[in-house]
Amino acid sequence: MNKDLVTEFSTEWIKYSEYTTKKVPFGDEYIVPKKNSKPIKYTISEVADQMIMDYINIGKAFEFEKYKVKDMIIEFVNNYGLIGIISYMPLNFNYISSEKIFLNSNNDLGMEEIWDRKEYLEYFFPFDLKEKFKFKGNDITTIRDEETTDEEVFWGGSREFSIPFSKYYAEKIEDIGIIANRVYNQFIGAYTFDFETPYIERNFKGLDFFKARNITINAKAGNTHFSLQWVFNSLASALDTILLVKICDKNQPLRICKHCGKLFIAENVRAEYDTPQCRNQANVYKSREKNK
């Protein structure tokens with residue numbers, strides 16, 4: 001694994017101490033910070049390995065064991081925070097300052113390509129829009145919260161950058177599962193990719209279009225040298241980037257255990273099983289098959 005590259009994910013992120021689920025009337029279920037929860041800052045690089053495995057496992061369950069997905073997403077959000085879909089989706093980076101929000105025609109959630117700004121914000125603030133924004137004609141004002149202003153929560157980032165850290169911000173549980181499922185399938189496409197097949201016959205399974213979205217890379221001056229600093233506008237774009245780093249590593253550190261099927265980070269290039277127990281059980285089964 002290219003450790004140096006991953007450790008440059010120096011971007012800090014925000015999660016809240018507690019989350020809860022809420023339903024819109026006759027509609028979808030969202031996950032949102034609890035009323036009195038507190039923002040907690042953490043560094044993405046410190047949890048990158050476990051976070052990408054948890055995320056891919058959500059995507060896998062969304063496809064094969066959907067009854068598990070809600071609990072898995074709640075656990076993920078409690079560990080890492082909401083994934084920032086509001087900032088992840090738009091093509092126009094300054095979407096809060098724009099009257100219209102533009103999305104890809106083939107976006108993950110099957111949403112309309114063009115949104116009115118207020119309508120787009122209502123999608124992610126279905127319970128407390130007026131607590132966060134004031135609208136006057138075409139103008140919009142972000143209301144500073146007395147307990148945690150945007151500046152306090154995210155050290156001077158743009159409004160677009162810090163909106164997902166609002167305690168009023170919410171994401172549909174289903175939406176998180178859909179995006180995680182797309183990432184899972186891209187991981188499987190890379191994991192099973194056949195490099196022996198001639199280029200013209202290859203089935204890329206979407207990998208040729210897979211790219212991390214809405215990120216910038218800066219040169220950061222340290223004590224002795226410059227290093228890369230990755231800046232993400234959403235946790236979803238950070239997760240895309242982490243997966244790209246993993247699948248482009250020639251040692252393929254992110255693997256699927258040949259015995260139990262779980263994801264794991266390989267500590268060496270020959271590892272095929274996530275635990276010694278799985279390796280031993282696999283060897284027992286092989287021995288039994290030989291002796292039949």
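The values are calculated or read from the model by the stated rules, or taken from the named source; none is laboratory data. Bear in mind the structure is a predicted one, so any value in this text is a computation, not a measurement. Because the Cβ atoms are built from the backbone with ideal geometry, glycine has one as well, and the counts that use them run over all protein chains shown.
Out of curiosity, is T216 part of a loop (DSSP other than H, G, I, E, B), modelled with pLDDT under 85 and assigned by TED's automatic domain parsing to the domain that holds K60?
no
Within region 40-60, is even one residue within 17 Å of S166 (Cβ to Cβ) and of a type outside the set (V, I, T)?
yes
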Legend entry - Condition check for F232: farther than 17 Å from Y80 by Cβ and modelled with pLDDT of 80 or more: no
Legend entry - Filter result (surrounded by 18 or more Cβ atoms within 10 Å (Cβ to Cβ) and hydroxyl-bearing (S, T, Y)) within region 221-267: S234, S237, T241
Legend entry - Subset of region 119-140 [outside any strand (DSSP E or B), modelled with pLDDT under 90 and surrounded by fewer than 18 Cβ atoms within 10 Å (Cβ to Cβ)]: D128, L129, K130, E131, G137, N138
Inset, instruction - Restrict the check to region 36-47 and report whether at least one residue is in contact (Cβ under 8 Å) with a residue 40 or more places away in the chain, in contact with a Lys or Arg (Cβ under 8 Å, 6 or more places away or on another chain) and not aromatic (F, W, Y). - result: yes
Inset, instruction - Out of the residues in region 273-289 that are surrounded by fewer than 14 Cβ atoms within 10 Å (Cβ to Cβ) and modelled with pLDDT of 75 or more, state the one that is farthest from the chain's Cα centre (by Cα). - result: N283
Inset, instruction - Take Y184 and decide whether it is assigned to a helix (DSSP H, G or I) and either at pLDDT 90 or above or in contact with a helix residue (DSSP H, G or I) (Cβ under 8 Å, 6 or more places away or on another chain) (or both). - result: yes
Legend entry - Selection status of G59, of a type in the set (G, A, S) and touching a Gly at 6+ places or on another chain (Cβ under 8 Å): yes
